[in-house]
Amino acid sequence: MDPTLGYAIALGGLFLSLILVNLLHVNRLTYLAYFPSFARNYLHRAWRYLIYPYLVHRHRFLPPFTLADLLSQLIYIAGNSFCLAYGSTIEKAGLRAGTLSLINLTPLFFGPHLSFAADVLGLSLGALRNVHRSAGLVSAGLVMFHTAVAIKSRTGFGLSSIKNVSAVVAGSALGLAVLLSWPPFRRHLYEVFLRFHQTLALLVIISSWLHVPSTRLPRFALYISFAIFGLASLADGWLLVRRSVALTRRKDSDGPRVIEIFKHQGNSDKTPIQLTLLLKEQLKMKAGQYINMWIPSIGFLSRIQSHPFVVTSWTGKRQSYLEFVIEPRGSWTRKLHSRAMTVSGQNGGVHRVFFTGPHGMSPPVDEYEYVFMVASGYGIVAHLPLLERLVQGTRAREVRARRIRLVWEFADVGRSTN
C-alpha cells in the first residue's frame, strides 16, 4: 500500500472516531470508571506530567502548550516524515510531499467557522485551533519540500502552462497565509486578517485543483475537502437560519433582537456593557457555552464581522432571553459601547441580531469534588455560568463538589469593590 494512502486512511479514521464518540455522548471522565484501579492510577500520573503543567505559558509570539502538545506535534511530524522517506527516492519523496500537503489541508476546510467544526468533533475551540495551526504549518513545509525537489529535478520551470502557474499561485498563497498568521499581524487587524485568510484559502484550493493530476489520490483529497466544506457550510447556514430567521408568518413571530444595551452612568469607555437578546424561540444551553453574534446595523464593516460572547444568564432551563457582559476592545465592541444607554430597557437603535450556537464544551464542574477557579478583571464573566451551575447542582444534590475556591484578581481593587 502507498504510505500516503495509509496516512490518509489513518487521518480520516481519527476524525471519524472523534465524531462518533461525540455523537454517542461518551463522557471521558465517566468512561475511566470502567478501567481497573491500577490503570486509572497510571493515567492520572501520566496526566500529571503530560497535560497539567505547561512548558510554555502565555507568550507574545507562541501559544501555551504542554508536554502532551509537544509529543503530539512530534508524532504528527514523524508520521509525515515516515511517509516521505519510506522506500522512495528523492523524486518520489517530492511527489509524495505534494500529495501529503493536500491530505493535511483537509482539516483546514472543516467549515466556514471553527466553532461549528469543534462542536461536531467534540473538541474545544482551542484544541481545534491547534489542529488548524499544525496542519497549516506542516502543509506549508511539505509544499516547500515539493517545490525544492521539483526545481532540482527539472531543467526548467516555464510559466506558459496553467499547471505551473497554478502551482506558483497555490504555494505563494499558502506561504502568505502562514506568514500573516503570525500573532503580531493577526491581533491588530483580526477581522481584516480573517477575511484575507479565507480568501487565500480559497485561492489555494482552486489553484491546487488546476495543478494536480485528475485521476490520482491528490484529486481525491481535494474532493474530500470540497465535500466536507460544502456539507459543513450548509449545516452552519441552516443553523444560522433556524436561530435567526422567523420561518412562520405569524405576526408575533420575529427573529432575535436586542431589547437592551445598558451601561452605568459615568462609566468610562473601557467598562463593560450589558446586552440582552430576546430570542424567537426558547434555547437550551449548557453552562459556559457561547454564541457567535452578528449585528449588521452597527456599521458598514460589521456586515462581515461576527464575534463570540459567553452567555452569562445561564439558568439550566430553556431560555427566551440571553444576557451578555461585553468589554469594549476592538472597533466593533467600541461601536456597540457607544450605542449603550444609561436608561434600562433601551436598545440604542440596535434591533436585529443574527447568531449561531450555542457553541463550545461545557466544563464538567459537577463531576469534581474540588473546584479551583482563577479569573482576572472582567474575565470573571466567563465563570458566572459555571458558578451558577455549581450553586444549582449543590441545592439539587446533583454535583460532587465539596469545596469550591475562586481567586479573582483586580486591576484596581478600590474601584472594583465600589
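The values are calculated or read from the model by the stated rules, or taken from the named source; none is laboratory data. What you are looking at is a predicted structure, and each value in this text was computed from that prediction instead of being measured. Glycine gets a Cβ as well: all are built from the backbone with ideal geometry, and neighbour counts include every protein chain shown.
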- Note on the structure: When the stretch 259-296 is checked residue by residue, the ones that are out of contact with any Asp or Glu (no Cβ under 9 Å at 6 or more places or on another chain), farther than 18 Å from V381 by Cβ and either crowded, with 21+ Cβ neighbours inside 10 Å or at pLDDT 80 or above (or both) are I259, L279, E281, Q282, L283, K284, W294, I295, P296
- Query: Is it true that some residue in the stretch 299-319 is part of a helix (DSSP H, G or I), surrounded by 15 or more Cβ atoms within 10 Å (Cβ to Cβ) and not assigned by TED's automatic domain parsing to the domain that holds F196?
  - Reply: yes
- Note on the structure: Screening R405, R329 for residues that are in a strand (DSSP E or B) and surrounded by fewer than 13 Cβ atoms within 10 Å (Cβ to Cβ) leaves only R405
- Restricting the search to the stretch 64-82, which residues are surrounded by 14 or more Cβ atoms within 10 Å (Cβ to Cβ) and either outside the structural domain of A97 (by TED's automatic domain parsing) or within 21 Å of the chain's Cα centre (by Cα) (or both)? F65, T66, A68, D69, S72, Q73, Y76
- Give the number of residues within the stretch 300-325 that are more than 17 Å from G360 (Cβ to Cβ) and under 21 Å from the mean Cα position of the chain (by Cα). 4
- Message: Any residue at all in the stretch 90-105 that's charged (D, E, K, R), touching a strand residue (DSSP E or B) at 6+ places or on another chain (Cβ under 6 Å) and either surrounded by 15 or more Cβ atoms within 10 Å (Cβ to Cβ) or in the same structural domain as L11 (by TED's automatic domain parsing) (or both)?
- Response: no
- Query: Only one residue in V399, V371, V353 is free of Cβ contacts under 8 Å to residues at least 40 places away in the same chain, surrounded by 12 or more Cβ atoms within 10 Å (Cβ to Cβ), touching a Gly at 6+ places or on another chain (Cβ under 8 Å) and aliphatic (A, V, I, L, M), so which one is that?
  - Reply: V399
